[in-house]
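Trainee: Below is one structure. I have some questions about it.
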Amino acid sequence: MDRRFQLRLDQLLADCKVSQDAFDSITERLELFAQPFLASLPSPESQAHGRTYISGLLSDVARKNTESIAYRHDLDRQVLQRFIGYREWDHQPLLDELTRQVAAEIGEADAVIVFDPSAFAKRGSESVGVQRQWCGRLGKTENCQVGIYMGYVTGREQVLVDERLYLPQEWNRDKRRKKCGVPQTVKHQTRHELALEMLRERGSMLPHAWIAGDDEMGRPAWFREKLGEIGERYLLAVPSNTSVRDLEEVVPPQARTGPGRGEQRGPRKAPFVSMQSWCDALPASGWTRLVVRPADKGPIEVEAVKRRVEAKAARRVTGREELLFVTRQALADGSWKSDYHLSNAAAETPLEELARVANAEHRIEQCLQRGKSEAGLADYQTRSWLGWHHHQTLSMLAVWFLVLETRRGKKGDAGVDGAAGARGVGVDPAQPLWLRSTGADRGGENEAIGAERASSFLSLQEA
């Protein structure tokens, strides 16, 4: 084995080790953490079920749904099923508390709010909001539910703070509405309308400088225009076939023909072309090389360009100036992978700042993956409107606890009485979290199980 590779491997393995001190009093911290969230629940019984459920989402069960969590805690599964799927408790106060904590703990003035749809494939037709629709997880149209998520991305952290279930238009008068408990006041809203709703409710609570999103969010011109109207600065991905007119291109005036042909016409505008075609015609000198982030095999670099443009949507010229920002990265076969964005930022905005925001849009995908792999975000089995929102909310709280514990570990402040973040948190002390420790007294059967799951529970640092 190459000596340099072995040294790097040893370094990575050493970084994976966590001192036993980091796990001291973790259940007490989880108990303290849960208190401000669960205080709004209607009864002590509901609060106890909430603590049990969060604990289960952080445990070693393979499928983190009500049945598995109930069995993990030696409870009747119907108790937790009723709590998640049918009990009338409002999840919004929990998200309010989550937003307040996120702002207090990791809030930064230049942070980015990111919106991202995420699909959950479903086999049946009885789950709330299920429909044949685009499923990004599978890369095709499939029977699925779609959630719209609001994430918060700072220089070092990213976390989900809100969610909405997308209800297809077909569900407005579907007989399944009543069976799934969809409130009568809930009507079909587009994914972009749901994003704006979340922004109205939580945007003012979170210090931020940008709004970002994938090409599904950036495609409609009206959404970008609305963000500008409410004073938000955006950088949104758009499809490569979006038509734009280069406002900086110098087009020679066209000479008249016929009588008076010696006269010249006024300045001409550049024609509309697809973003991909525009980039293909750009000379190599038009691109600027940027270092995106460091990596084990050397810094990751991209080439970037920005230009003032006017976009066309649905064959209609928007009539607004926007900033086109494109990054491309060379692939092994010699081709280029390109990402296209439109923004209402000032033309003099540095390329490095635009690249930072574009990277934040990708980091929300890591956040969703963390929720699905470590806190059961996609493991729910409930079909009801209440159940979907209850499970999603508690899963997002579980991820926030993991973020706080990771930050606590980074600070080296893992004293026995230390709290996770500004507040602490709650799991059943009789049911330990399966987190790997290097302590000598953590051996035996539990050590083997903990080591097996260590990569998923401790991979919370920015990639």
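Trainee: Being touching a Ser or Thr at 6+ places or on another chain (Cβ under 9 Å) and either surrounded by fewer than 13 Cβ atoms within 10 Å (Cβ to Cβ) or at pLDDT below 95 (or both): is that true of A281 here?
Mentor: Values: touching a Ser or Thr at 6+ places or on another chain (Cβ under 9 Å): no; either surrounded by fewer than 13 Cβ atoms within 10 Å (Cβ to Cβ) or at pLDDT below 95 (or both): yes.
In short, no.
Trainee: Out of everything in the range 308-322 that is of a type outside the set (D, E), part of a strand (DSSP E or B) and surrounded by fewer than 20 Cβ atoms within 10 Å (Cβ to Cβ), what residue ends up being nearest to the chain's Cα centre (by Cα)? I'd like the intermediate steps shown before the answer.
Mentor: Just the residues of the range 308-322 that are of a type outside the set (D, E), to begin with: 308-309, 311-320.
Keeping just the survivors that are part of a strand (DSSP E or B) gives 308-309, 311-313, 316-320.
Pick out the ones that are also surrounded by fewer than 20 Cβ atoms within 10 Å (Cβ to Cβ) and you get 308, 312-313, 316-320.
On the way: R308: 28, K312: 28, A313: 26, R316: 31, V317: 31, T318: 29, G319: 31, R320: 29 Å.
Taking the candidates together, the pick is A313.
Trainee: With the condition being in contact (Cβ under 8 Å) with a residue 60 or more places away in the chain, I'd like the helices (runs of 4 or more DSSP H) fully within the range 110-224 carrying at least 3 qualifying residues. Steps first, please.
Mentor: On the way: elements: 176-180, 191-202, 215-218.
In the range 110-224, 191-202, 215-218 are the helices (runs of 4 or more DSSP H) which contain 3 or more residues that are in contact (Cβ under 8 Å) with a residue 60 or more places away in the chain.
Trainee: Follow-up question, since we're still on this one. How about the range 95-147: which of its residues are hydroxyl-bearing (S, T, Y), open to solvent by less than 50 Å² (accessible area, probe 1.4 Å) and under 26 Å from L236 (Cα atoms)? Don't jump to the end; show me each part of the working.
Mentor: Pass one, the range 95-147, residues hydroxyl-bearing (S, T, Y): 99, 118, 125, 127, 141.
With the extra rule that they be open to solvent by less than 50 Å² (accessible area, probe 1.4 Å), the set shrinks to 99, 118, 127.
Result: T99, S118.
Trainee: Tell me which residues, restricted to the range 369-387, are of a type outside the set (K, R) and open to solvent by 10 Å² or more (accessible area, probe 1.4 Å). Walk me through it before giving the result.
Mentor: Step one: of the range 369-387, the residues of a type outside the set (K, R) are 369, 371, 373-382, 384-387.
Within the range 369-387, Q369, S373, A378, D379, Q381, T382, S384, W385, L386 meet the criteria.
Trainee: For R123, are the conditions met, namely being among the basic types (K, R) and under 21 Å from C367 (Cβ atoms)? Steps first, please.
Mentor: On the way: among the basic types (K, R): yes; under 21 Å from C367 (Cβ atoms): no.
When the stated conditions are applied, R123 does not pass them.
Trainee: I'm trying to understand the selection: among the residues of the range 122-170, which are in contact with a Gly (Cβ under 7 Å, 6 or more places away or on another chain) and small (G, A, S)?
Mentor: none
Trainee: Just one of the numbered conditions (1) touching a Lys or Arg at 6+ places or on another chain (Cβ under 7 Å); (2) surrounded by fewer than 18 Cβ atoms within 10 Å (Cβ to Cβ); (3) touching a residue at least 12 places away in the same chain (Cβ under 8 Å) is not true of K337; which one?
Mentor: (3)
Matching residues to (1) under 27 Å from T154 (Cα atoms); (2) acidic (D, E):
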{"position": "V317", "(1), (2)": "no, no"}
{"position": "E321", "(1), (2)": "no, yes"}
{"position": "D339", "(1), (2)": "yes, yes"}
{"position": "A346", "(1), (2)": "yes, no"}
{"position": "K372", "(1), (2)": "yes, no"}
{"position": "L377", "(1), (2)": "yes, no"}
{"position": "H390", "(1), (2)": "yes, no"}
{"position": "L394", "(1), (2)": "yes, no"}
{"position": "E405", "(1), (2)": "yes, yes"}
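Trainee: Right, something else. Which of the residues spanning the range 230-244 are surrounded by 11 or more Cβ atoms within 10 Å (Cβ to Cβ) and either at pLDDT below 75 or within 20 Å of L354 (Cβ to Cβ) (or both)? Walk me through how you get there before you give the answer.
Mentor: Filtering the range 230-244 down to residues surrounded by 11 or more Cβ atoms within 10 Å (Cβ to Cβ) leaves 230, 232-240, 242-244.
Selection gives E232, R233, Y234, L235, L236, A237, V238, P239, S240, T242, V244.
Trainee: Return the residue satisfying two criteria in turn: it lies in the range 347-371 and is small (G, A, S) and touching a Leu at 6+ places or on another chain (Cβ under 8 Å), and of such residues it is farthest from G228 (Cα to Cα). Break it down into steps so the answer makes sense when it comes.
Mentor: Of all residues in the range 347-371, those small (G, A, S) come to 347, 355, 358, 360, 371.
Then keep just the ones that are touching a Leu at 6+ places or on another chain (Cβ under 8 Å); that gives 347, 355, 358, 371.
Numbers: A347: 15, A355: 20, A358: 18, G371: 31 Å.
Taking the candidates together, the pick is G371.
Trainee: Would it be correct to say that A295 is of a type in the set (A, V, I, L, M) and modelled with pLDDT under 90?
Mentor: Working: of a type in the set (A, V, I, L, M): yes; modelled with pLDDT under 90: yes.
Criteria met by A295.
Trainee: Continuing with this model, one more query. Inspect the range 69-86 for any residue being open to solvent by 70 Å² or more (accessible area, probe 1.4 Å) and touching a Leu at 6+ places or on another chain (Cβ under 9 Å) and give the result as yes or no.
Mentor: Within the range 69-86, the subset open to solvent by 70 Å² or more (accessible area, probe 1.4 Å) is 71, 74, 76-78, 82, 86.
Okay, now just the ones that are also touching a Leu at 6+ places or on another chain (Cβ under 9 Å), so 86.
Yes: the range 69-86 contains one or more residues that are open to solvent by 70 Å² or more (accessible area, probe 1.4 Å) and touching a Leu at 6+ places or on another chain (Cβ under 9 Å).
Trainee: Also, I was wondering about something else. Considering the range 306-357 alone, what residues qualify as being of a type in the set (A, V, I, L, M) and over 22 Å from A284 (Cα atoms)? First the steps, then the outcome.
Mentor: Applying the first criterion (of a type in the set (A, V, I, L, M)) to the range 306-357 yields 309, 311, 313-314, 317, 323-324, 326, 330-332, 342, 345-347, 351, 354-355, 357.
Hits for the range 306-357 are A311, A313, A314, V317, A345, A346, V357.
Trainee: Which of the numbered conditions does F325 fail, given that it passes all the others? Conditions: (1) touching a residue at least 60 places away in the same chain (Cβ under 8 Å); (2) part of a helix (DSSP H, G or I).
Mentor: All conditions pass for F325, except number (2).
Trainee: Residue under question is W171, and the condition is that it be more than 20 Å from T393 (Cα to Cα) and within 19 Å of the chain's Cα centre (by Cα); does it hold?
Mentor: Against the criterion (more than 20 Å from T393 (Cα to Cα) and within 19 Å of the chain's Cα centre (by Cα)), W171 does not qualify.
The values are calculated or read from the model by the stated rules, or taken from the named source; none is laboratory data. Note that the structure is a prediction, hence the values are computed from the model and not measured. FYI the Cβ positions are ideal-geometry reconstructions off the backbone, even for glycines, and counts take in every protein chain you see. Quick note on the areas: whole protein, heavy atoms, side chains included, nothing else; ligands and nucleic acids left out. Shrake-Rupley method; radii C 1.70, N 1.55, O 1.52, S 1.80 Å.
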